[in-house]
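The values are calculated or read from the model by the stated rules, or taken from the named source; none is laboratory data. Everything numeric here is computed off the predicted structure, so don't read it as measured data. Virtual Cβ from ideal backbone geometry, glycine too; neighbours counted across all protein chains shown. When the accessible area is computed, the model is the full protein with side chains, heavy atoms only, and any ligands, DNA or RNA have been set aside. Shrake-Rupley method; radii C 1.70, N 1.55, O 1.52, S 1.80 Å.
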Amino acid sequence: MYRFVLTRQWVCLTLVALALVPAMIELGFWQFHRHEHRVAQNRLIAANLEAEPAPVTALTSPGHTVPRADFWRTVTATGTYDPAHEVVVRMRTSNDDKVGFHVVTPLVLGDGRVVLVNRGWVAGGADLRAYPPVPAAPPGEVTVTGRLKADETTGGSGIKDRKGLPDRQVMLINSARQAESLGRPVLGGYLELTAPAPVDGGPEPVGEPDHRSIGAHMAYAVQWWLFTAGVPVGWVVLVRREKRDREQEAARAAVRETATA
């Protein structure tokens with residue numbers, strides 16, 4: 001009755017179904033793990049943003065790699081801006097998705113060490129190879145507050161570090177490279193400025209990281225697992241339909257035989 005499932009066509013179909021089941025189970029778990037990672041990251045961001053501000057020198061030092069546990073940690077620093085060694089970072093977007101530059105100004109601390117401060121976003125001029133119009137950093141000693149971020153690298157950011165860029169323009173915010181041009185020890189990572197607020201016309205502050213949305217990864221995981229359950233069900237439905245069609249065809253053949261006898 002079900003010997004047709006041993007035909008080449010049905011054996012191939014069955015093998016495809018058997019291959020799909022573990023593949024879709026694995027895809028479901030992949031999306032589930034992405035959901036777990038997103039939830040954990042959101043908790044980390046929220047906890048670090050709400051933590052009491054710490055001196056930046058307590059969390060990083062020259063050559064230090066900022067660990068993920070300290071990403072977005074609120075830190076403070078007191079020093080004097082060095083506008084002569086200020087750089088702009090190309091291909092950065094504003095909070096409303098306009099393409100421009102981030103302004104990174106070294107802040108010289110009291111002990112001579114430097115922390116890089118991302119003061120925010122500015123629009124580019126008509127000539128994107130020219131240094132954009134950048135509002136001056138506040139003069140004199142200042143105390144700033146911001147979110148601690150790790151050095152950007154080509155692997156971590158997905159941005160290619162181009163050569164031959166115009167003077168004082170970079171693709172990545174990287175403390176080691178800025179230390180070479182400054183000739184001073186630079187604290188690992190950088191500070192994303194949140195306070196004091198810029199004066200009118202100043203750089204647009206970098207937006208707070210999204211730590212409320214969890215995305216659709218869990219929905220995708222459930223979807224893959226439902227597809228997994230649907231494969232054997234679909235296989236059974238097809239087998240029963242094929243059996244019914246064969247039985248109906250056999251019955252019609254018998255009627256034709258009787259009619260011609």
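Quick notes on this one:
- When Arg129, Arg113 are screened for being charged (D, E, K, R), more than 22 Å from the chain's Cα centre (by Cα) and surrounded by 13 or more Cβ atoms within 10 Å (Cβ to Cβ), only Arg113 passes.
- Subset of the stretch 188-205 [closer than 20 Å to Pro138 by Cβ and open to solvent by less than 30 Å² (accessible area, probe 1.4 Å)]: Tyr190, Leu191, Glu192, Leu193, Gly202, Pro203
- Set side by side, the residues Thr76, Thr105 differ, and just one is in contact with a Lys or Arg (Cβ under 8 Å, 6 or more places away or on another chain), touching a residue at least 12 places away in the same chain (Cβ under 8 Å) and of a type in the set (Ser, Thr, Tyr), which is Thr105.
- Of the criteria (1) open to solvent by 40 Å² or more (accessible area, probe 1.4 Å); (2) part of a loop (DSSP other than H, G, I, E, B); (3) closer than 18 Å to Gly63 by Cα; (4) not small (Gly, Ala, Ser), which one Arg177 fails: (2)
- Output for the stretch 50-69, where each listed residue is surrounded by fewer than 20 Cβ atoms within 10 Å (Cβ to Cβ), assigned to a helix (DSSP H, G or I) and modelled with pLDDT of 95 or more: Thr57, Ala58, Leu59
- If only residues of the stretch 235-261 that are of a type outside the set (Phe, Trp, Tyr), under 30 Å from Leu27 (Cα atoms) and surrounded by 13 or more Cβ atoms within 10 Å (Cβ to Cβ) are counted, the one that is nearest to the chain's Cα centre (by Cα) is Leu238.
- Yes/no for Ala77 being more than 26 Å from the chain's Cα centre (by Cα) and either open to solvent by 70 Å² or more (accessible area, probe 1.4 Å) or more than 21 Å from Pro209 (Cβ to Cβ) (or both): no
- Some residue of the stretch 210-223 being hydrophobic (A, V, I, L, M, F, W, C) and in a strand (DSSP E or B): no
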